[in-house]
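Engineer: Dumping the structure here so I can ask a few things about it.
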Amino acid sequence: MKAVNYLVFTILVSFLLSSCGAASAPPPTPFPESMKGYELYSWQDGDQWNFSLLVGTNREKTLEEIKAADTALRGVDALTAALEQMPAGQYITWSSRETLSFPPEDIIEQVKQISEDKGLILNLAL
């Protein structure tokens, strides 16, 4: 009888434990919400426009940070894909300085439209 009770107890505990799956957090997004929004930079390299989308801070980013291989987005399609992953309501400030510049108006309008469609607040710091 002890063996049967032990077997039933083991089965019940196993059943209860198997139904209690581990709580899983949602996968982290590459662009989480940021209190200070995001900073967008652009520059031309040959015929291609490159972009960098960095978390906003109170300090000025160095050109090395902006143009780093792990942060640079090669082309408008890469920027579009990054903007699609951002949470709606985020502020994005698009700035230019030193060797950075704004792309032609058609690209600017495309980025504005994508931002609007996604619910992002894009400001151009001209």
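Engineer: Look at the stretch 32-87 and say how many of its residues are farther than 26 Å from GLY119 by Cα and touching a Ser or Thr at 6+ places or on another chain (Cβ under 9 Å).
Structural biologist: 5
Engineer: Please state which one of ASP77, ASP117 is within 19 Å of GLU33 (Cβ to Cβ), in a helix (DSSP H, G or I) and not basic (Lys, Arg).
Structural biologist: Sole residue among the options that is within 19 Å of GLU33 (Cβ to Cβ), in a helix (DSSP H, G or I) and not basic (Lys, Arg): ASP117.
Engineer: Same structure again: Could you count how many residues in the stretch 80-113 are of a type outside the set (Val, Ile, Thr) and in a loop (DSSP other than H, G, I, E, B)? Talk me through it step by step, then tell me what you get.
Structural biologist: Let us first name the residues in the stretch 80-113 that are of a type outside the set (Val, Ile, Thr), namely 81-91, 94-98, 100-106, 109-110, 112-113.
Now narrow it down to the ones that are in a loop (DSSP other than H, G, I, E, B): 85-90, 96-98, 100-104.
Residues meeting the conditions: 14.
Engineer: Name the single residue, out of those in the stretch 80-96 being more than 21 Å from GLU60 (Cβ to Cβ) and touching a Phe, Trp or Tyr at 6+ places or on another chain (Cβ under 9 Å), that is surrounded by the fewest Cβ atoms within 10 Å (Cβ to Cβ). Working first, answer last.
Structural biologist: Initial filter on the stretch 80-96 (more than 21 Å from GLU60 (Cβ to Cβ)): 80-89.
Then keep just the ones that are touching a Phe, Trp or Tyr at 6+ places or on another chain (Cβ under 9 Å); that gives 82-83, 85-87.
Working: ALA82: 18, LEU83: 23, GLN85: 11, MET86: 21, PRO87: 13.
Checking each candidate, the answer is GLN85.
Engineer: Pull up the stretch 97-120, narrow it to residues that are within 19 Å of the chain's Cα centre (by Cα) and surrounded by fewer than 14 Cβ atoms within 10 Å (Cβ to Cβ), then point me to the one that is farthest from GLN48 (Cα to Cα).
Structural biologist: Step one: filter the stretch 97-120 for residues within 19 Å of the chain's Cα centre (by Cα), giving 110-120.
Add one more test, that the residue is surrounded by fewer than 14 Cβ atoms within 10 Å (Cβ to Cβ), and what stays is 113, 116-117, 119.
Details: GLN113: 20, GLU116: 24, ASP117: 24, GLY119: 27 Å.
For the stretch 97-120, the residue satisfying everything is GLY119.
Engineer: Right, next: Among the residues of the stretch 60-71, are any within 21 Å of ALA125 (Cα to Cα), at pLDDT below 95, part of a strand (DSSP E or B) and not polar (S, T, N, Q)?
Structural biologist: No, the stretch 60-71 has no match at all.
Engineer: LEU53 is checked against (1) more than 19 Å from SER34 (Cβ to Cβ); (2) not in a loop (DSSP other than H, G, I, E, B) and fails just one. What number does that condition carry?
Structural biologist: (1)
Engineer: Could you grab me the full set of residues in the stretch 29-50 that are surrounded by 15 or more Cβ atoms within 10 Å (Cβ to Cβ) and outside any loop (DSSP other than H, G, I, E, B)?
Structural biologist: Keep residues of the stretch 29-50 that are surrounded by 15 or more Cβ atoms within 10 Å (Cβ to Cβ), which gives 31, 34, 37-43, 49-50.
Passing the criteria: TYR38, GLU39, LEU40, TYR41, SER42, TRP43, TRP49, ASN50.
Engineer: To continue, here is another question. Looking at (1) farther than 19 Å from LEU120 by Cβ; (2) modelled with pLDDT under 95, which one does ARG74 not meet, given that it meets all the others?
Structural biologist: With (1) farther than 19 Å from LEU120 by Cβ; (2) modelled with pLDDT under 95 applied to ARG74, the lone miss is (2).
The values are calculated or read from the model by the stated rules, or taken from the named source; none is laboratory data. Please read these numbers as outputs of a predicted model, since none were measured by experiment. Cβ coordinates were reconstructed from backbone atoms using ideal geometry, including for glycine residues, and neighbour counts include every protein chain displayed.
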